[in-house]
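First up is the structure itself, then whatever we jot down about it.
The values are calculated or read from the model by the stated rules, or taken from the named source; none is laboratory data. This one's a predicted model, so the numbers in the text were calculated from it and none came from an experiment. We place every Cβ from the backbone using ideal geometry, glycine too, and count neighbours over all the protein chains shown. In case anyone asks, the SASA skips ligands and DNA or RNA and just uses the protein heavy atoms, side chains included. Shrake-Rupley method; radii C 1.70, N 1.55, O 1.52, S 1.80 Å.
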Amino acid sequence: MTAFANSRSPESEAQIRRATDEDVSALTRLINAAFVVEQIVFDGDRVDDLGVRVYMSGGTFLVAEDSGALAGCVYIETRGDRSYLGLLSVQPEHQGTGFGRRLVAAAERFARESGSRVMDLRVISARREQLLPFYQRLGYVFIRTEPFPANLVTKIPSHFILLSKSLI
């Protein structure tokens with residue numbers, strides 16, 4: 001098990017660990033609670049239990065626990081010398097307390113230990129005002145924009161904003 005797996009932050013007693021199959025339902029609830037703000041662009045939930053399992057088959061979720069409950073999570077998919085960070089989710093009552101920042105740091109350590117030299121992520125343009133400053137403070141830089149897939153139905157015009165950060 002790597003160093004991030006059971007780390008405790010000096011700011012909190014929250015434990016960050018790898019998610020297991022037993023976490024699927026709690027992950028689904030957590031992600032959907034955190035992503036409800038994206039319903040300005042998309043209808044419905046962000047993910048279901050099957051979707052979480054599909055993500056787990058292609059990558060790793062790290063979860064932050066606070067008092068035995070999931071307070072946050074992040075998904076990492078290692079792609080050779082690059083990794084992808086996605087689904088950063090923090091329970092609404094824990095937002096603004098540092099969980100997101102600690103989860104991103106743990107994801108970067110995980111990616112680095114897996115041999116990645118770069119971390120990529122994307123945000124939706126409708127949330128750029130909230131998310132770009134957060135990721136830029138963590139060292140991520142704008143790379144480009146990309147359209148949503150043609151089969152993705154949106155309520156308002158939107159696109160992806162791709163960001164990257166060197167891990168070396």
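For the chain, the relative contact order is 20 percent, taking Cα pairs closer than 8 Å that sit 6 or more residues apart in sequence and dividing their mean separation by the residue count. Seen through its C-alpha gyration tensor, with square-root eigenvalues sorted a ≥ b ≥ c, region 1-157 comes out rounded because a/c lies under 1.5.
Shape class of region 84-141 from the alpha-carbon gyration tensor: oblate, with a/c at 1.5 or above and b/c at least as large as a/b.
In the context of the full set of protein chains, residues of the chain present 53 Å² of accessible surface per residue (probe radius 1.4 Å, heavy atoms only).
Carbon and sulfur together cover what percent of the accessible area of the chain at a 1.4 Å probe radius? Heavy-atom surface of the chain belonging to carbon and sulfur, 1.4 Å probe: 51 percent.
Summing Lys and Arg as +1 and Asp and Glu as -1 over all other residues whose Cβ lies under 11 Å from the Cβ of Leu167 gives a net charge of +1.
Distance between the C-alpha centres of region 14-65 and region 73-139: 14 Å, rounded to the whole angstrom.
Summing +1 for each Lys or Arg and -1 for each Asp or Glu, what net charge is found among the other residues whose Cβ lies under 13 Å from the Cβ of Arg127? Each step should come with its number before you reach the end.
Working: positive: Arg46, Arg122, Arg128; negative: Glu38, Glu129.
Overall, the nearby charge balance is +1.
Between Leu132, Ala34, Pro92, the Cα set farthest toward the positive side of the dipole of the chain (charges on each charged residue's Cβ, about the Cα centre) is that of Leu132.
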